[in-house]
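Everything below concerns the one structure shown next.
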Amino acid sequence: MELLIVIGAVISVIGLVGLVVSALRVLRAKRAGLADEDLRETVRRAMVLNFGALMLSAFGLIMVVVGVILA
């Protein structure tokens, strides 16, 4: 079960990195002074990445919890 905990933790960290990347993309787009439509498109793409990273992180945390319960 230790392996399940470690794999879950790695997946959670990958998800957290995705969340940071998503936030940085939006921050860069806002600082670049893009036109309204371009900014909306950038934020829309970042939201997709954000949601996927959040789900990945949650899945990793579920794996950690299951590993702890089974250990």
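The values are calculated or read from the model by the stated rules, or taken from the named source; none is laboratory data. No experiment lies behind these values; they were computed from the predicted model shown. No Cβ is skipped: glycine too gets one built from the backbone with ideal geometry, and neighbour counts run over all protein chains shown.
Quick check on my filter: what residues within the stretch 33-49 are farther than 23 Å from residue 64 by Cβ and within 16 Å of the chain's Cα centre (by Cα)? Once the filter is applied, which keeps residues that are farther than 23 Å from residue 64 by Cβ and within 16 Å of the chain's Cα centre (by Cα), the stretch 33-49 yields 43, 44, 45, 46, 47, 48. For the stretch 5-32, the tally of residues that are under 19 Å from residue 69 (Cβ atoms) and either surrounded by 16 or more Cβ atoms within 10 Å (Cβ to Cβ) or small (Gly, Ala, Ser) (or both) stands at 5.
Would it be correct to say that residue 64 is in contact (Cβ under 8 Å) with a residue 12 or more places away in the chain, surrounded by 17 or more Cβ atoms within 10 Å (Cβ to Cβ) and of a type in the set (Val, Ile, Thr)? In short, yes.
For residue 35, are the conditions met, namely being surrounded by fewer than 16 Cβ atoms within 10 Å (Cβ to Cβ) and free of Cβ contacts under 8 Å to residues at least 40 places away in the same chain?
Details: surrounded by fewer than 16 Cβ atoms within 10 Å (Cβ to Cβ): yes; free of Cβ contacts under 8 Å to residues at least 40 places away in the same chain: yes.
Taking the combined requirement at face value, the residue satisfies it.
None of 15, 52 is touching a residue at least 40 places away in the same chain (Cβ under 8 Å) and not basic (Lys, Arg) except 15.
Residue-wise test of (1) assigned to a helix (DSSP H, G or I); (2) polar (S, T, N, Q); (3) modelled with pLDDT under 95.
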{"site": "7", "(1), (2), (3)": "yes, no, no"}
{"site": "11", "(1), (2), (3)": "yes, no, no"}
{"site": "26", "(1), (2), (3)": "yes, no, yes"}
{"site": "31", "(1), (2), (3)": "yes, no, yes"}
{"site": "34", "(1), (2), (3)": "no, no, yes"}
{"site": "45", "(1), (2), (3)": "yes, no, yes"}
{"site": "62", "(1), (2), (3)": "yes, no, no"}
